[in-house]
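One structure is given below, encoded as structure tokens.
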Amino acid sequence: MEEISGTYPIPTSVPRYPIAEDAVTIVLLGSDRRPDWQHWNTDAIQYVVVYPRIPSVAVLSIPRDLYVYLPSYNMGRVNLADMYGDVYGFDGGGFGLLNQTLLYNLGITADYYIKVNFQGLKDIVDTVDGIDVPVHCYLEDYWPYPDENGEYHKIALEPGIHHMDGTLALWYSRTRKTTSVFNREERQQQVLEAIWMKAQASYLLEMLPTLYEQYGDTVETNLGWSNILSLGMIASQIEPSQVTMYNIGRQEVTPYVTAQGGFVFLPQWEALASVVDRALLPPAPSRAALASARVEVWDGTGHTDWDLLAADRLYQSGLTPVLGTGNGERFSQTHIQVFGAHAKGTGLSSVQAIFGIPDSQVSYVGANNGNIKLRLILGSDYQVCR
């Protein structure tokens with residue numbers, strides 16, 4: 001991406017995007033605010049759209065360094081809106097200014113907000129006894145806490161499924177020494193999804209009101225009890241394939257250096273609009289059909305948990321993976337077996353696109369295998385970090 005610099009003029013406001021009447025919109029904010037701080041940032045901004053009747057959830061990650069117009073103020077990073085709104089008495093406080101900022105620059109607003117500080121995230125993860133997070137790419141950075149000698153050491157995570165307590169989950173959500181800010185936002189979405197899946201599996205959604213009271217000092221929201229219970233009921237019915245993650249990434253922004261020397265990202269309006277469009281539209285019937293296409297995953301890589309990482313990629317793309325019983329045998333090449341004489345209704349093209357598998361590595365078995373349409377056999381050529 002080519003970098004530009006200078007004084008950027010205030011852009012024209014974006015028209016409001018239409019959204020279904022029954023949709024519930026929530027902005028999730030991760031704040032670095034401490035009790036004695038007068039200024040802070042919301043470095044995690046995740047915009048959530050819930051469709052109760054379908055049901056389905058879309059999560060749109062908004063980069064903290066997106067350089068936008070803060071209504072009634074000036075150009076600035078979007079992660080400053082919450083603080084400016086509170087400190088300078090904007091109508092509706094921090095949430096009020098953030099909502100107006102999102103409306104002016106992206107054409108979207110949220111009905112509700114949930115703001116969590118560092119301690120709040122750690123408490124939530126620890127309350128559910130930790131979370132299991134699929135780590136697709138090797139990650140290394142300094143641990144934020146010194147040892148008994150006052151020294152800081154690096155820690156590293158290899159690809160695989162990692163059980164994280166609150167402290168490790170916070171580190172995973174915030175670090176970006178060996179990755180980009182866009183990768184960090186994807187990891188934040190992973191942590192959110194892992195919390196939801198653990199809570200769902202542990203029936204902790206029924207405890208939401210109690211948890212809110214317990215962590216009232218670290219969680220701030222305008223959701224009422226009825227809203228919390230209603231959303232908890234919806235969340236308990238959602239399958240992983242019904243949750244879709246969207247990101248404003250490198251292709252939707254241009255690097256920019258402000259007159260003060262700050263490194264930020266300018267929105268590329270047309271490219272960004274297509275991402276917002278996909279996040280706000282209710283899932284098409286084709287996605288429901290895709291979820292019904294079950295894909296069996298065999299691991300022939302020789303690496304622990306890489307079949308689970310592949311399954312996670314399938315989930316994220318709307319497919320329904322099933323772990324196979326053929327794991328153990330080693331394969332040199334990743335390939336797909338199609339159960340039947342043709343690919344129609346199997347989700348084959350989607351699986352090929354997700355894993356970069358050419359037609360030459362696809363075979364048609366012919367025999368029916370119940371509700372399993374495809375078998376994905378991972379080989380030693382499988383690129384776990386894509």
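Quick rundown of the values:
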{"read-out": "Unsatisfied cross-links (Cα-Cα over 32 Å) in the set K177/K198; K154/K373; K122/K177; K154/K198", "value": "K154/K373"}
{"read-out": "The chain: relative contact order as a whole-number percent, Cα under 8 Å and 6+ apart", "value": "17"}
{"read-out": "Karplus 3J(HN,Hα) series, Hz, for the stretch 222-235 with 6.51 cos²θ - 1.76 cosθ + 1.60 (x for Gly, Pro)", "value": "9, 6, x, 4, 5, 4, 4, 5, 5, 5, x, 5, 5, 4"}
{"read-out": "Candidates A156, A310, A58, ranked by Gaussian network fluctuation over the chain, Cα under 10 Å, top entry", "value": "A156"}
{"read-out": "Residue among Q237, N41, G166 farthest towards the positive dipole end of the chain, charges placed on Cβ", "value": "Q237"}
{"read-out": "Antiparallel bridge percentage (DSSP; both residues within the stretch 4-283; nearest 5)", "value": "70"}
{"read-out": "Amide hydrogen neighbours beyond the local backbone of D111, cut-off 5 Å, H modeled", "value": "T25, I26"}
{"read-out": "Formal net charge of residues neighbouring R330 (Cβ-Cβ distance under 12 Å; K, R +1; D, E -1)", "value": "-3"}
{"read-out": "Estimated vicinal HN-Hα couplings, Hz - the stretch 247-255 in sequence order (Karplus 6.51, -1.76, 1.60; Gly, Pro = x)", "value": "9, 7, x, 4, 6, 9, 9, 10, x"}
{"read-out": "Note, ³J(HN,Hα) from phi for the stretch 82-87, Karplus 6.51, -1.76, 1.60, rounded to Hz, x at Gly and Pro", "value": "4, 5, 4, x, 6, 5"}
{"read-out": "Percentage of interatomic Cα-Cα distances in the chain larger than 29 Å", "value": "48"}
{"read-out": "Burial order of peptide ranges 87-93, 100-106 (average beta-carbon count within 10 Å, highest first)", "value": "100-106, 87-93"}
{"read-out": "Longest site-free stretch - the chain; sites: GluC sites (Glu not before Pro), DSSP loop, at most 12 other Cβ within 10 Å", "value": "152-328"}
{"read-out": "For Y246, distant residues with modelled amide H under 5 Å away", "value": "V59, L60, S61"}
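We did not get these values from a lab; they are worked out from the coordinates using the rules stated. On a predicted model such as this, the values are computed, not experimentally measured, just so you know. Backbone-built Cβ (ideal geometry, glycine too); neighbour counts: all protein chains shown.
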